[in-house]
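Contents: one structure, followed by commentary.
The values are calculated or read from the model by the stated rules, or taken from the named source; none is laboratory data. Computed from a predicted structure; not experimentally measured. As a convention, Cβ positions derive from the backbone with ideal geometry for all residues, glycine included, and neighbour counts pool all protein chains shown. Ligands, DNA and RNA are excluded from the accessible area calculation, which covers all protein heavy atoms including side chains. Shrake-Rupley method; radii C 1.70, N 1.55, O 1.52, S 1.80 Å.
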Amino acid sequence: MAKAETLLYLDGVSVSFDGFKALNNLSFLIGRNEMRAIIGPNGAGKTTMMDVITGKTRPDEGELRFDGKIDLTAHDEAEIAGFGIGRKFQKPTVFENQSVRDNLMLALKALRGPFATLFHRDDDAERSRIDTLLATIRLTARRDDLAGDLSHGQKQWLEIGMLLAQDPELLLIDEPAAGMTDAETAATADLLREISKTHSVVVVEHDMAFVRALGVKVTVLHEGSVLAEGSLDHVSNDRRVIDVYLGR
Amino acid sequence: MTLRFLSGGLTGGRLVMLALLLASAILVPLLNLALPESHPLHVPTYAVTLMGKYLTYALLALALDLVWGYCGILSLGHAAFFALGGYAMGMYLMRQIGSRGVYGDPVLPDFMVFLNWDELPWYWYGFDAFSFAMLVALVAPAILAFVFGWFAFRSRVTGVYLSIITQAMTYALLLAFFRNDMGFGGNNGLTDFKDILGFDIQSDATRAGLFAASALALAAGLVLAVAITASKLGKVLIAVRDAESRTRFLGYRVEHYKLFVWTVSAMMAGLAGALYVPQVGIINPGEFAPANSIEAVIWVAVGGRGTLVGPIIGAVLVNFAKSWFTAALPEFWLFALGGLFVFVTLFLPTGIVGLARTATQRLRRMRKSEPDARNTGGSVTTEPRGQAAE
Ligand SMILES: Nc1ncnc2c1ncn2[C@@H]1O[C@H](COP(=O)(O)OP(=O)(O)O)[C@@H](O)[C@H]1O
Ligand SMILES: [Mg+2]
């Protein structure tokens, strides 16, 4: 990857919950169209980092910038989503009482105001976009079923499909392979590699085979800050990384 | 445009309900006015008025279902919007009394004469015009809902806390309207109405007309609610109900959606209240009582939350039972109501309509499986299901 322009910039970000520092002076950069894997033990602050980027949690201190000038700390979840940051949650969160198709339809990039949606009509372009997404996430046959009836792995895929439907510039993906079979995990890695050709992606994952399959730069988090950064081979030979994470 | 919205949502039971409402708007007045009292199909006037009252309750229940069933906002204060609409209508009816009041003042309602007021307060201006009063019956609840919702939804008050402040809202209004110096008749409220739009409010024809108006208003409310819930906005509302924070991360401003449906719902409730008052002949602060709002929640739960038709059925059935109980066993009504609520919560979480749906689904499945007994294993629905990616 050429030295790309920075899309996401975190500098000295700290968050504490009742005195406990979930993020501690965390700093890193994500380039445009870069894919980054984030690993680290449970409780390292990976999910909290995504909460901070997407406006769910406000940092106590530090700087968070997107696309050069946008100060993310000054905006709420809906605005940040509007800037082009999409998110998949650690626990798959889809709209269980609505069809797979409607889940994608709700996520599709479109005007988000109540009057725009009240008078919204689906057209051929929208239908074919949804068909393409359904094929990508292999849920074409389940399009009319309730999202709540999908298997855990399928919900993960639906949520990735919803992310794609939003067409954000930056995708934050929290533990996508959890609950998937080996075949599904491999397919997910393929899908993410495909997505990263045109999007920036941050993936949090524990599954080392999956991270290896992604073949991208890895950032290791520990106790709320960056412990090591580099290729997977580089970080897995790092003494401290082995001590706190890989060695256990 | 509207037709396109409806094509998706106006199906099955909703279509039947709409047809029933439109038919009764014509038939009930006809059977009341055109047939002699001796005729077996004659509908007596008291029954017309009673049913008309039930229909206004049904409109209130429908309004509540829109926010509770589709957006997860459990309002325990919807009677406030209903009562505000009722007061707007009551003020119009008071102005129509003119000099026929006990004190014979050409402008001032009796209670103002009694309080030694010598002129009409500014906020009573304009209520001699029916159209203005109707406008206020919609706009006053809308403004209250908008202001309340603006603060509550922006600060992300949800769940039980929101329900509690809706109770506080209606309770505060109850106390305010009790005060004589508010200028709404205090404890006694507004009553002794004479006529509406020039027609004697007690006459059979007026009663029949009010019934028809209630049935048509409910039909219109149903069509509006179907249009809203079948649109993409309706799907966003359900998304908010089921996974509010997820909806935010998709870029939807949840508070705007809540504010929209909350305000629309308040206007429907206001219209219901405006139709209720001329049929019962009085509006007083008791309509703001927290218990009224809670009763409305029970109607919705009994009929089936999130079904639109269910709340209409629930409101009519529960109130029919209430009329019977308060005549036959008045001291047991509250126990019966409480028991009903517990029963529905425990055994009928989807209400009467939900039960009917499950039953028809089961029946259909049984019929389907008869000729093809081998093919029943595992499948839960009657539609052929695609195979999951394996
Ligand atoms: N809302 C919260 N309130 C209190 N503690 C929290 C909250 N969110 C996260 N934490 C704590 O912060 C730490 C980091 O959590 P998290 O970011 O979920 O870790 P990871 O995703 O890396 O496993 C954990 O110790 C967790 O208990
Ligand atoms: Mg986590």
Over the stretch B:38-186, relative contact order from alpha-carbon pairs under 8 Å, at least 6 apart, %:
28
What is the magnitude of the charge dipole of the protein assembly as shown about its Cα centre, with +1 placed on the Cβ of each Lys and Arg, -1 on the Cβ of each Asp and Glu, and no other charges, expressed in debye to the nearest 20?
1200
Heavy-atom accessible area of the stretch B:333-372 with neighbours in place, 1.4 angstrom probe: carbon+sulfur share in percent works out to 69
Roughly speaking, what is the centre-to-centre gap between the stretch B:227-246 and the stretch A:21-64 when only Cα atoms are used, to the nearest Å?
30
Would you please state the base-10 log of I(q)/I(0) at q = 0.14 1/Å for the stretch B:2-346, with intensities from the Debye formula using one equal scatterer on every alpha carbon?
-1.17
Determine which residues of the stretch A:208-248 fall in the zone a paramagnetic label at A:THR73 would reach in this model, i.e. backbone nitrogen under 20 Å from the point 7 Å along Cα→Cβ.
A:224-226
What percent does the relative contact order of chain A come to when contacts are Cα pairs within less than 8 Å and at least six residues apart?
27
Solvent-accessible area lost in complex, 30 Å² minimum, residues of the stretch A:104-121 relative to chain alone, 1.4 Å
A:MET105, A:LEU106, A:ARG112, A:PRO114, A:THR117, A:LEU118, A:PHE119, A:HIS120, A:ARG121
Once all protein chains are kept in place, A:ASP102 shows an accessible area at probe 1.4 Å, nearest 10 Å², of 30
Taking only protein heavy atoms into account and a 1.4 Å probe, give the accessible area per residue of the stretch B:2-346 in Å².
41
For B:GLY304, the net charge from surrounding residues (Cβ-Cβ under 11 Å; K, R +1; D, E -1) works out to +1
Over the protein assembly as shown: helical MRE at 222 nm, DSSP H runs n ≥ 4 each giving -39500 (n - 2.57), nearest 500
-17500 deg cm²/dmol
What's the center-to-center distance, using Cα atoms, between the stretch B:15-90 and the stretch B:144-165 in Å?
28
Over all residues in A:131-144, what is the mean tally of Cβ atoms on other chains that come within 10 Å of each residue's Cβ?
2
Per-pair calculated FRET efficiency, R0 = 56 Å: A:HIS234 and B:ALA291 via Cβ, rounded to 0.05:
0.20
Point-to-point label distance, B:LEU30-A:ASP167, nm (Cα→Cβ direction, 7 Å offset):
5.5
So the A/B interface buries, both sides summed and with a 1.4 Å probe, an accessible area in Å² (nearest 100) of 3300
Can you give me the relative contact order of chain B as a percent, contacts being Cα pairs under 8 Å and 6 or more apart?
30
Measure out, as a whole number of angstrom, how far apart the alpha-carbon centroids of the stretch B:288-356 and the stretch B:120-134 sit.
36
The simple spin-label model distance between A:ARG212 and B:LEU329, using points 7 Å out along Cα→Cβ, in nm, is 7.4
At a Förster distance of 35 Å, what's the computed FRET efficiency of A:ASP60 paired with A:ALA186, Cβ-Cβ distance as r, to 0.05?
0.30
By the mean-Cβ-within-10 Å protection proxy, highest first, B:295-304, A:39-48 rank as B:295-304, A:39-48
A:ARG193 versus A:ASP124: modelled label distance in nm, points set 7 Å from Cα along the beta carbon direction:
3.6
Once the Cβ-Cβ distance between B:ASN180 and B:LEU22 is put in as r, and R0 is 56 Å, what FRET efficiency do you end up with, to the nearest 0.05?
0.80
Extended-chain gain in nm, criterion 0.36 nm per residue less alpha-carbon gap, B:GLU37 and B:LEU197:
54.9 nm
With a 28 Å threshold on alpha-carbon distance, the violating pairs from A:LYS56/A:LYS217; A:LYS46/A:LYS155; B:LYS53/B:LYS232; A:LYS56/B:LYS258; B:LYS258/B:LYS322; B:LYS235/B:LYS368 are B:LYS53/B:LYS232; B:LYS258/B:LYS322; B:LYS235/B:LYS368
